[in-house]
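These notes concern the structure reproduced below.
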């Protein structure tokens with residue numbers, strides 16, 4: 001779509017017309033009934049170790065290559081303190097930059 005390609009625009013619009021609904025339906029089929037009986041604390045602990053911890057690990061891992069390869073990475077000038085700071089703030093607010 002960014003290249004003004006009509007075929008790409010059609011595919012983009014087609015996929016985005018149903019992909020979230022399909023995700024929710026599939027997630028319902030693979031949900032585990034045993035998780036329903038968990039306490040709130042156990043649920044949060046499980047989500048932290050299975051979702052957030054890998055996200056934090058891979059974010060930190062992907063912060064290393066810009067040290068060796070200078071340039072612009074998603075609008076961030078790396079390696080620089082300002083670039084890493086902006087990237088971390090973006091990541092915290094839901095826009096992973098690394």
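The values are calculated or read from the model by the stated rules, or taken from the named source; none is laboratory data. Keep in mind the model is a prediction, meaning the values are calculated, not measured. Please note: Cβ atoms are built from the backbone with ideal geometry, for glycine as well, and neighbour counts cover all protein chains shown.
Tally the residues that are at negative phi and within 15 Å of the chain's Cα centre (by Cα), restricting the search to the range 64-92. Even if it seems obvious, please write down each step before you answer.
Of all residues in the range 64-92, those at negative phi come to 64-70, 72-73, 76-92.
Imposing the further condition that a residue be within 15 Å of the chain's Cα centre (by Cα) reduces the set to 87-92.
So the answer is 6.
Would you please list the contacts, defined by Cβ atoms under 6 Å and residues six or more apart or on different chains, that run from a residue in the range 79-92 that is more than 16 Å from residue 62 (Cβ to Cβ) to a residue that is surrounded by 16 or more Cβ atoms within 10 Å (Cβ to Cβ) and modelled with pLDDT of 90 or more?
Every condition considered, no pair remains.
What single numbered condition from (1) outside any helix (DSSP H, G or I); (2) touching a helix residue (DSSP H, G or I) at 6+ places or on another chain (Cβ under 7 Å) fails to hold for residue 59?
Among (1) outside any helix (DSSP H, G or I); (2) touching a helix residue (DSSP H, G or I) at 6+ places or on another chain (Cβ under 7 Å), the lone unmet condition for residue 59 is (1).
Any residue in the range 64-85 that is in a helix (DSSP H, G or I), in contact with a helix residue (DSSP H, G or I) (Cβ under 7 Å, 6 or more places away or on another chain) and at pLDDT 85 or above? Reasoning before the result, please.
Kept after step one, since they are in a helix (DSSP H, G or I), are these residues of the range 64-85: 65-68, 81-85.
Among the residues that remain, those that are also in contact with a helix residue (DSSP H, G or I) (Cβ under 7 Å, 6 or more places away or on another chain) are: none.
No, every residue in the range 64-85 fails to be in a helix (DSSP H, G or I), in contact with a helix residue (DSSP H, G or I) (Cβ under 7 Å, 6 or more places away or on another chain) and at pLDDT 85 or above.
For the range 89-98, give me each residue that is surrounded by fewer than 16 Cβ atoms within 10 Å (Cβ to Cβ) and in a helix (DSSP H, G or I). Walk me through it before giving the result.
Within the range 89-98, the first condition is being surrounded by fewer than 16 Cβ atoms within 10 Å (Cβ to Cβ), and the residues that meet it are 89, 92-96.
Once the filter is applied, which keeps residues that are surrounded by fewer than 16 Cβ atoms within 10 Å (Cβ to Cβ) and in a helix (DSSP H, G or I), the range 89-98 yields 89, 92.
Determine, yes or no, whether residue 53 is surrounded by 11 or more Cβ atoms within 10 Å (Cβ to Cβ), within 20 Å of residue 98 (Cα to Cα) and in contact with a helix residue (DSSP H, G or I) (Cβ under 7 Å, 6 or more places away or on another chain).
On the way: surrounded by 11 or more Cβ atoms within 10 Å (Cβ to Cβ): yes; within 20 Å of residue 98 (Cα to Cα): yes; in contact with a helix residue (DSSP H, G or I) (Cβ under 7 Å, 6 or more places away or on another chain): no.
Considered against the rule, which asks whether it is surrounded by 11 or more Cβ atoms within 10 Å (Cβ to Cβ), within 20 Å of residue 98 (Cα to Cα) and in contact with a helix residue (DSSP H, G or I) (Cβ under 7 Å, 6 or more places away or on another chain), residue 53 comes out as no.
Could you tell me which of the residues 36, 25 is more than 17 Å from residue 97 (Cβ to Cβ), over 21 Å from the mean Cα position of the chain (by Cα) and not in a loop (DSSP other than H, G, I, E, B)? Outline the logic, then answer.
Numbers: 25 fails: over 21 Å from the mean Cα position of the chain (by Cα).
Criteria check complete, one pass: 36.
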